[in-house]
Amino acid sequence: MDTTLDQLQPGQRANIIRIAGADGIASRLREMGFVPGELVHFVRPAPLGDPLKCSVHGSRIAVRCGEARRVYVEPIS
Amino acid sequence: MASVPTVSVAETSGQDRVALVGNPNTGKSTLFNALAGMNVRTGNYPGVTIEKKTGVCELETGKITVVDLPGTYSLAPRSPDELVAVEVLTDHVTQPDGVNLIVCVVNALLLQRNLFLVSQLLELGKPVVVALNMIDVAKSRGMEIDVERLSTQLGVPVVATSAAKRTGIDKLKTVVAEQLKTSPEQHERSRILPPEFYASVDRFRDSLIATDEASDASLPDDYLLERMVLDRGGAPELQVIRTYGDSAAESLAAIREDLTQALGDPIDIECNARYAWAKAKLDSVFKNDSRPSSRVTDRLDAILTHRVMGLICFVIMMFIIFQSIYTFAAWPMDLIDAATSGITDAVCSLMEPGKLRSLITDGIIAGVGGVLIFLPQIALLFLFLALLEDCGYMARAAFLVDRIMTTFGLSGKSFLPMMSSFACAVPGVMASRVIENRRDRFATIMVAPLMSCSARLPVYLLLIAAFIPSTTYFAGWLSLPAIVLMSMYLVGVVAAIPVAWILKKTLLRGEVAPFVLELPEYKIPSAKVVLSRVWAASKAFVIRAGTLIFAASILIWFAGFWPGDHTNQYRMEAQLDSFQGTADARQTLIADLNAESSRLLEDSILGRTGHLIEPIVRPLGWDWKIGVGVLASFPAREVIISTLGTIYSLGGDAEEEGLVGALQASTYDDGTPVYSVPVALSVMVFFALCAQCVSTLLVIRRETNSLFWPCLSFSYMTLLAYFGAWLTYAVSSRLL
């Protein structure tokens, strides 16, 4: 039931529910547009599977799987 | 144009100071260039690694100083360095040269997210002007923004600009001048977060005042007080604990706890409040509610970040860069070469043989000219780097290679510093600031100098030109010299892998650091930004040739000239200058002169030192002249060229063919040539791996703030270079 960003399929879209953690990287994710309620689009992974290219809040952002695991989402089928 | 950027970066005290702040990829650098012209002064804020970039802009009302701060997504300082950047904006006591006005550069395409930063700037209580940049791109995508409405909503002037097309710049200047004249120094601070939050900031301030009775330290700025409550483990919190002791830490923890009970975690309070604010402010600002994303970027990314095609494109691009450095630079290099020999001939025809003539021709012209000839190639390398960065590809490269780099203990973000190090390790080491994690950053700093910088390029090019046959393959598309050159670049890269890996297993052990990187939209690179980078790099190279290399050339000349009685040599030179006899007699005279010159060189300090260290360099296949050159090139690698230039010029070997010919012609006493392909390769590998560069070691010292790391760099690289050269010589002399 708790899906995270790294579990999405390439090309899949989802709504952001929450971001785990309260450290520097958690706020960096928020500043860069990973905000609850916002739509996130997992575009494709890098050639070796990590990091992941996402599209959120109108910009394209690469995050490693480690960071993507902090982003809880609700997939849009 | 209403006003012209000034030519001189004059003494700036007393002038109004305007800060340029904005997210990365908003066209901030282009705007800065448009405002300040080419006259940019870069440096560091004292003691930290925040770049201080200032320029002078002329408004109708007079000159102002423009301060360009590094691109940032927010004003939440996470490190002491970032804290300095915020203090510049808050008139903090430790930053006497604070700013009077803030220009926030905003990307029109990402307006809502960019307003996050704007909301923080409005809390500083300084006059703010918003430059709504990239408005032309937004318009072309059918995005219509009501600029006046936005200005009313935000309560600050908003100017639509396109730094790339240079529109709106004059309007921005006028608005800035107006604001500087009419706006009061202190504005009311916006209060964007909930009232409960400000109540807890007040509580915290009171608790500090209570503990503060004894000391007369002034209270932190209100904005920083707010950050202390908001950012767990942030730089302001650490600073206040250092000043006020553990009681501050305790009251901060208690206040955060109460706040979390009432409203939720401070991090969520801030994020929700700011995005809600941004959304409200954008109400009816967009005339059509589209958020158009670039289809061109998506299509390009489909290829350039594709799992197979992306990697192929990456390799091809790197290859084209190295091949074109070779091809396009040939013509300007010939020009410089011709100029150098022209000047030498002119000096010789004007002056009698003697000490001074020897100093000028053998020392200065041979030394400095030999290095300057590589200016075209260095300019080209910087041109490609600037192009790749400005068009948005560098971030893709980081994305592509991140997984590979993490295997070796580095990060995708290490790619830009390492790629920059191919131009020069000094900006490369400084570029490692983009890596937030200390361990990743130090590992990058340690291996960045292994990337073949432009100072090695002259060494490679000289030896390749002299000893590698210019065979071409695939109808001239691929040449053997280019392959050898690329291999030399690979040597450093390959060596960097185990070095980084070992460092991350020993001295820099720890968990994998986080990685979040924005991939900006592709754009046509700005000619101004690219050219100003190439200009700055070329200038630095020429200045280096004019100072460091110049001084080293004179020293080397002296060491090769003294002691020794040169009267015989001068007599023969004078005889040769006015020679009338047959060609055969002329040849004999030249041979005698060469013998005399080389005897004098062997007896000089340089010659004696060379013979002393010869046993150490013998296993590498080198003669004493190369040994001395390497020893003398400790301050900077390219000194080897000027040293060899001086040695062969003093020794009488360099004639019309220049240094390349002199190397090819140089022999041991028994007549066997000194240089063979294995020797040339061994010298090249040595220079690929060695740490012969004082500037790099100094910048490592500054960026790591310790003596340990530069010492480690120097020792491991020198050892690596010696064994690498030995191995290369041993293997290649068996194979070739």
Which whole-Hz ³J(HN,Hα) couplings does region A:34-45 yield from phi under the Karplus relation 6.51 cos²θ - 1.76 cosθ + 1.60, θ = phi - 60°, glycine and proline marked x?
7, 10, x, x, 7, 7, 10, 10, 7, 7, 6, x
Any aspartates and glutamates with Cα under 17 Å of the B:LYS173 Cα? List them, leaving off those in the same chain fewer than 8 positions away.
B:ASP16, B:GLU58, B:GLU60, B:ASP68
How high is the FRET efficiency between B:ASP146 and B:LEU219 when r is their beta carbon distance and R₀ equals 35 Å, given to the nearest 0.05?
0.30
If exposed means chymotrypsin sites (Phe, Trp or Tyr not before Pro) lying in a DSSP loop and surrounded by at most 16 other beta carbons within 10 Å, then the longest stretch of chain B lacking such sites spans residues B:1-473
Which of B:SER553, B:GLY661, B:VAL491 sits farthest toward the positive end of the charge dipole of chain B, with +1 on the Cβ of Lys and Arg and -1 on the Cβ of Asp and Glu?
B:VAL491
What is the fewest-to-most order of B:LYS28, B:LYS287 by other Cβ atoms lying within 10 Å of their Cβ?
B:LYS287, B:LYS28
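Considering every residue in B:264-275, what mean count of other chain Cβ atoms within 10 Å of its Cβ is obtained?
4
Could you list, in their original order, any pairs among B:LYS63/B:LYS413; B:LYS126/B:LYS539; B:LYS165/B:LYS281; B:LYS281/B:LYS523; B:LYS126/B:LYS413; A:LYS53/B:LYS139 whose Cα atoms are separated by more than 32 Å?
Details: B:LYS63/B:LYS413 38 Å; B:LYS126/B:LYS539 37 Å; B:LYS165/B:LYS281 28 Å; B:LYS281/B:LYS523 29 Å; B:LYS126/B:LYS413 34 Å; A:LYS53/B:LYS139 26 Å.
Pairs exceeding the cut-off: B:LYS63/B:LYS413; B:LYS126/B:LYS539; B:LYS126/B:LYS413.
Count the net charge of all other residues whose Cβ sits under 13 Å from the Cβ of A:GLY49, scoring Lys and Arg as +1 and Asp and Glu as -1. Intermediate results must be reported in sequence, preceding the final value.
On the way: positive: A:ARG44, A:LYS53, A:ARG64, B:ARG307, B:ARG403; negative: A:ASP6, A:ASP50, B:ASP402.
Neighbourhood net charge equals +2.
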Quick one: which residues, 5+ away or cross-chain, put their amide H under 5 Å from the amide H of B:GLY22? H built at 1.01 Å from N.
B:THR72, B:VAL105
Under the Karplus relation 6.51 cos²θ - 1.76 cosθ + 1.60, θ = phi - 60°, what is the ordered set of whole-Hz ³J(HN,Hα) values for region B:306-318, x standing for Gly and Pro?
5, 5, 9, 4, x, 5, 4, 4, 4, 5, 4, 4, 4
Restricting to chain B, compute how many DSSP beta bridges are antiparallel as a %, nearest 5.
50 percent
Under DSSP loop assignment and at most 16 Cβ neighbours within 10 Å, longest GluC sites (Glu not before Pro)-free interval of chain B
B:214-510
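Report the local net charge at B:VAL347: Lys and Arg +1, Asp and Glu -1, summed over other residues whose C-beta lies under 15 Å from its C-beta.
Working: positive: B:LYS355, B:ARG357; negative: B:ASP345, B:GLU352, B:ASP362, B:GLU573, B:ASP577.
Residues close to B:VAL347 contribute a combined charge of -3.
Could you give the size of the charge dipole of chain B about its Cα centre, using +1 on the Cβ of each K and R and -1 on the Cβ of each D and E, expressed in debye and rounded to the nearest 20?
On the way: 61 positive and 73 negative charges, 311 e Å.
Charge dipole, chain B, about its Cα centre: 1500 debye, nearest 20.
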When all C-alpha to C-alpha distances in chain B are sorted into bins of 20 Å, what percent of pairs does each bin hold, rounded to whole numbers?
15, 41, 29, 13, 2, 0
Simple spin-label estimate for A:ALA20 and B:THR567 in nanometres, 7 Å along Cα-Cβ:
9.0 nm
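Stretched out fully, how many nm does the piece from B:LEU531 to B:ALA249 gain, at 0.36 nm a residue minus the Cα gap? List each step's numbers first, then the result.
Numbers: separation 282, 0.36 × 282 = 101.52 nm, distance 4.95 nm.
Taking 0.36 nm per residue and subtracting the Cα distance, the gain is 96.6 nm.
All other residues with a Cβ under 13 Å from the Cβ of A:ARG70 taken together, and with Lys, Arg as +1 and Asp, Glu as -1, what is their net charge? Provide the component values of the computation, followed by the final result.
Details: positive: A:ARG18, A:ARG28, A:ARG30, A:ARG64, A:ARG69; negative: A:ASP2, A:ASP6, A:ASP23, A:GLU67.
Around A:ARG70, the charge tally is +1.
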Any idea what the relative contact order of chain B is, in percent, if you count C-alpha pairs under 8 Å spaced at least 6 apart?
10 percent
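If you take the Cα Rg of the protein assembly as shown and divide it by 2.2 N^0.38 Å, with N the number of residues, what do you get? Let's see the in-between values first.
Numbers: Rg = 30.5 Å, N = 813, 2.2 N^0.38 = 28.1 Å.
The protein assembly as shown yields a ratio of 1.09.
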Along the charge dipole of the protein assembly as shown, pointing to its positive end and built from +1/-1 on Cβ of Lys, Arg, Asp and Glu, which listed residue (B:PHE467, B:LEU89, B:GLY310) has its Cα farthest out?
B:GLY310
Between B:ALA262 and B:LEU698, what length comes free when the chain is fully extended (0.36 nm per residue of separation minus the Cα-Cα distance, one decimal in nm)?
151.8 nm
Using only Cα positions of region B:16-186, each an equal point scatterer, no hydration layer, compute I(q)/I(0) via Debye at q = 0.16 Å⁻¹ and quote the log10 values to two decimals.
-0.91
Work out the FRET efficiency for B:ALA475 and B:ARG189 from their Cβ-Cβ distance, taking R0 = 60 Å, and round it to the nearest 0.05.
0.30
With +1 assigned to the C-beta of every Lys and Arg and -1 to the C-beta of every Asp and Glu, and no other charges, what is the dipole magnitude of region B:294-355 about the Cα centre in debye, to the nearest 20?
440 debye
Compare the Cα positions of B:GLY581, B:PRO266, B:PHE708 along the charge dipole of the protein assembly as shown (+1 at Cβ of Lys, Arg; -1 at Cβ of Asp, Glu; about the Cα centre) and return the one farthest towards the positive end.
B:PRO266
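Suppose we take every Cα in region B:120-257 and form the convex hull; what volume per residue is that in Å³?
Working: hull volume 21.7 nm³, N = 138.
Spread over its residues, the Cα hull of region B:120-257 gives 157 Å³ apiece.
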Charge dipole magnitude, Cβ of K and R +1, D and E -1 - the protein assembly as shown, Cα centre, debye nearest 20:
1820 debye
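Assuming R0 = 35 Å, can you tell me the calculated FRET efficiency for the pair B:LYS165 and B:ASP283, based on Cβ-Cβ distance, to the nearest 0.05? Please report the intermediate quantities before stating the final value.
Details: r = 29 Å, r/R0 = 0.82.
The calculated FRET efficiency here is 0.75.
From other protein chains only, count the Cβ atoms within 10 Å of every residue's Cβ in B:396-406, then give the mean.
Details: counts 4, 0, 3, 8, 5, 3, 7, 9, 3, 0, 4.
Mean shielding by partner chains, rounded to a whole number: 4.
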Scattering profile of region B:195-285 at q = 0.12, 0.17, 0.18, 0.24 Å⁻¹ [log10 I(q)/I(0), Debye over alpha-carbon scatterers]
-0.40, -0.71, -0.78, -1.23
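Please arrange B:LEU719, B:LEU450 by counting, for each residue, the other beta carbons lying within 10 Å of its beta carbon, fewest first.
Details: B:LEU719 13, B:LEU450 28.
With the fewest neighbours first, B:LEU719, B:LEU450 line up as B:LEU719, B:LEU450.
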Is there a simple number for the mean count of other chain Cβ atoms within 10 Å of the Cβ of residues in A:43-56, and what is it?
6
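Each reported figure results from applying straightforward, stated rules to the coordinates on display, with no laboratory input. In this text the structure is predicted, and so the values were computed from the model without any measurement. No Cβ is skipped: glycine too gets one built from the backbone with ideal geometry, and neighbour counts run over all protein chains shown.
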